[in-house]
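Please read the structure below before turning to the comments.
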Amino acid sequence: MSQQSMTSENTNSIWRPTKKQLEFLKAGSIFEVAYLGGAGSGKSSVLLIDACRQMNYPDAKAVVFRRTTRELRQLLDYSQQIYPRLGAKWNEHKSKWQFPSGGQIFFSHMETAADKYQHDGQEYSAGVFFDEITSFEQEQYTYLHSRCRSTNPKLIPRVRCTGTPVGRHIDWVRKYFVEPGPYKIYKDPNTKLSRLYIPATLDDNPYLAQNDKNYEGRLKMQGDKVYAALRYGDWTKIEGVCFSEMDERKHLIPTYRPQPNDVIIRGFDYGFSAPFATVWIAFTGEKKMIVFAEYVGTKDGTNKGLQLPANEVARNIKDMEKAFGFVSTYCPSDPSMWSRTNAGESLAEIFEMEGLSMHRANNDRIYGSQQIHMRFAKSMFDAEPSLFITEDCPITWKAMQQIQVDKRNIETYDTKGFDHPVDALRYGVVEIPIEQGYDTSPPEVFGDRISGTEEF
């Protein structure tokens with residue numbers, strides 16, 4: 001779309017690109033272009049702008065994807081800041097923007113692999129656009145290439161995507177776009193089509209830092225690996241231990257006995273053939289969390305369980321609390337314990353019949369992992385960590401030290417390893433969360449605050 005059609009006389013420009021965004025927009029006829037890197041680098045905004053650049057043609061049709069309907073709604077909210085100022089009207093029923101020329105931009109999701117077939121027969125003459133590409137399977141991405149076609153020689157069918165080095169399907173994106181190298185036009189030997197990877201970091205959008213001075217601080221609280229990925233667009237941090245910030249000098253303390261005013265949290269992860277794990281956490285008056293006791297049903301420290309009956313495990317936990325001289329206030333437990341596989345009582349009911357209270361834990365691993373990272377790093381109120389593990393909990397300490405990052409999503413840990421004490425601790429920590437900083441979708445910056453050399 002021309003500069004004139006994107007602006008109005010005697011008004012400010014709708015949007016100005018940063019230098020890095022301009023590189024993305026100037027990719028021209030290259031079929032596939034990926035703008036990948038750190039959070040807050042203006043990826044979603046430039047994708048929306050690129051999608052509407054050919055909307056001056058009446059037969060222009062484009063589609064913009066997010067993986068889920070919830071995520072799509074967020075992107076639609078962004079589009080409301082731009083497209084109406086271009087004269088576009090939103091059609092809720094058809095989930096599309098209609099431009100004055102007749103051009104159309106559809107917004108769609110692909111939550112399952114089969115959803116790609118819903119686009120059979122479509123002709124997206126102005127392109128196919130993916131936001132947060134690491135949330136999509138490669139098969140979903142490449143299948144939509146077949147819908148990218150045009151009978152109008154003035155329209156340029158192309159594929160554009162944006163994303164960060166986090167997400168379930170990070171591996172194929174790294175191999176497909178990142179490994180060939182940045183700014184290198186790669187021609188696929190089979191398809192003869194070209195593709196390009198443009199890297200980005202938070203530094204490429206200086207206005208976000210100016211208008212949200214605490215944003216980088218919130219990124220630092222996510223842990224070393226997530227910080228490197230979201231701050232610098234680092235694709236190398238997808239391997240290794242998850243909680244790399246753990247330091248024996250900072251986080252391991254000799255022992256701790258709960259004080260009368262402490263809030264006691266008991267986190268429990270069930271296992272029979274696999275180990276079960278119980279951790280007790282004291283939330284102190286100083287807003288610290290201290291893991292002071294554990295009961296882990298592991299055979300010789302391996303990933304094999306003791307195969308104890310549920311009622312016996314419940315009685316043992318109850319006896320331990322009696323010996324400690326307290327009753328746990330919060331008792332988050334493995335949500336699977338409320339499932340019924342047979343006609344009898346659920347595991348939760350068996351535990352409760354033994355006089356052991358419990359409730360379903362919050363099982364969001366990403367949220368829980370971030371809460372652990374934030375407490376290991378520092379609290380929102382102090383410059384010191386707010387999560388500690390005592391020497392009385394050697395199994396939990398070792399498990400936390402050794403648990404590996406999930407290669408599919410570096411925001412959390414790999415569940416294939418010895419994760420049972422980690423799960424139990426995670427259940428406990430989220431009972432009293434740090435209420436700050438868990439928005440992994442940072443605000444994008446629109447309007448006149450963005451500087452560049454070209455206006456739209």
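Odds and ends about this structure:
- Per-q log10 I(q)/I(0), the range 10-223, q = 0.08, 0.11, 0.16, 0.18 Å⁻¹ (Debye; single scatterer per alpha-carbon; no solvent): -0.27, -0.52, -1.15, -1.47
- Compactness of the chain, expressed as Rg and Dmax over alpha-carbon positions, Å: 25.8, 80
- A straight Cα-to-Cα reach below 22 Å connects Lys43 with the lysines Lys19, Lys20, Lys26, Lys61, Lys96, Lys175, Lys184, Lys213, Lys220, Lys225, Lys237, residues fewer than 8 places away in its own chain not being considered.
- Report summary: the helix-based calculation at 222 nm, which adds -39500 (n - 2.57) for every DSSP H run with n ≥ 4 and divides by the residues of the chain, gives -7000 deg cm²/dmol.
Rule-based calculations on the coordinates, nothing more; no lab input. This is a predicted model, so every value here is computed, not measured.
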